Amino acid sequence: MISLQEVSKSFGNGTDRYLAIDAVSLDIEEGSIHGIIGASGAGKSTLLRIMNVLERPDAGKVSVNGRELTALGGRELREARRSIGMIFQLFQLVSNRTVWGNVSLPLELAKVPKAVRAERVQEVLRFVGLEDKAKSYPAQLSGGQKQRVAIARALANSPTVLLCDEPTSSLDPRTTADILDVLRHINRTLGVTIVIVSHEMDVVNGICDHVSVMEDGRLTRTYRNSQQDGVVPQDTGTPTNGAGETGGLGLL
């Protein structure tokens, strides 16, 4: 599903050059929830942005759905990215657009017909439980509601992959659990492959099937999260209480 082969990325020039990603190889299984964890500055977010070539690696190959994204450019790359949704720590909503308008935006950019667009927006808002907030503006929403809007927007183009950059780090524990429930529901119901970057061990232990640990731009280990099988591992951090299935969310 997602394959990184010896990808590297540096920033700056000369003596100021900084190697953010150092020859990382990683394969992420289709239909899985894969966590990437590490301290601030470890390279997690850069690696995530390399997965959809928002950051183009200096070396190495990136393939998603069997297609090498690093071999594409321009229009071909933009079209390939439509199958890859992305959500951010700070939501990145357009403040002068309603919830409906924010979710509709990627469909407008893809020139989806108006009637089809309206049906799709309603569908994804129902899925994340925000039908009643369609006419609200971001300033009128809570943090958790804003992140649900961001998730709905990411789902608008029916992606097969969802990249999540610290999706819960600005949320309180209860809202974090709610957002993780939504992501779990997306994975189990739609089969979307999800990659979550986080510095919170509780988050990755609570939802991820596999976890990769980053340090100084390198992957130091990747392991199966046995907490998802009901077994607490000895070296992966403090376990969290697993949240149950999301209630009240419709199916696409």
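The values are calculated or read from the model by the stated rules, or taken from the named source; none is laboratory data. The shown structure was predicted, so the numbers you read here are calculated from the model rather than taken from an experiment. Here the Cβ is made from the backbone with ideal geometry for all residues, glycine too, and neighbour counts use every protein chain on show.
If you check E6 against the conditions, is it out of contact with any strand residue (DSSP E or B) (no Cβ under 6 Å at 6 or more places or on another chain) and in contact (Cβ under 8 Å) with a residue 12 or more places away in the chain?
Details: out of contact with any strand residue (DSSP E or B) (no Cβ under 6 Å at 6 or more places or on another chain): no; in contact (Cβ under 8 Å) with a residue 12 or more places away in the chain: yes.
When the stated conditions are applied, E6 does not pass them.
Would you mind telling me which numbered condition in (1) modelled with pLDDT under 95; (2) outside any helix (DSSP H, G or I); (3) closer than 17 Å to A150 by Cα P106 fails?
Only one criterion is unmet by P106, namely (2).
I'm checking my understanding of the structure. Among residues of region 173-193 that are polar (S, T, N, Q) and out of contact with any strand residue (DSSP E or B) (no Cβ under 6 Å at 6 or more places or on another chain), which one is surrounded by the most Cβ atoms within 10 Å (Cβ to Cβ)?
The first filter runs over region 173-193 and keeps only residues polar (S, T, N, Q), leaving 175-176, 187, 189, 193.
Those still in the list that are out of contact with any strand residue (DSSP E or B) (no Cβ under 6 Å at 6 or more places or on another chain) too: 175-176, 189.
On the way: T175: 17, T176: 23, T189: 15.
My answer is T176.
If you go through region 158-172 one residue at a time, do you hit one that is in contact with a strand residue (DSSP E or B) (Cβ under 7 Å, 6 or more places away or on another chain), touching a residue at least 12 places away in the same chain (Cβ under 8 Å) and part of a helix (DSSP H, G or I)?
no
Quick one: R120 ticks every box in (1) of a type outside the set (G, A, S); (2) assigned to a helix (DSSP H, G or I); (3) surrounded by fewer than 16 Cβ atoms within 10 Å (Cβ to Cβ); (4) at pLDDT 95 or above except a single one, so which number is it?
Of (1) of a type outside the set (G, A, S); (2) assigned to a helix (DSSP H, G or I); (3) surrounded by fewer than 16 Cβ atoms within 10 Å (Cβ to Cβ); (4) at pLDDT 95 or above, only one is false for R120: (3).
For residues that are in a strand (DSSP E or B) and either among the acidic types (D, E) or under 14 Å from the mean Cα position of the chain (by Cα) (or both), scanning just region 1-35, find the one that is nearest to A80 (Cα to Cα). Spell out how you get there, then give the answer.
Step one: filter region 1-35 for residues in a strand (DSSP E or B), giving 2-11, 18-28, 33-35.
Those still in the list that are either among the acidic types (D, E) or under 14 Å from the mean Cα position of the chain (by Cα) (or both) too: 2, 6, 22, 27-28, 33-35.
Details: I2: 13, E6: 21, D22: 25, D27: 19, I28: 18, I33: 21, H34: 21, G35: 23 Å.
For region 1-35, the residue satisfying everything is I2.
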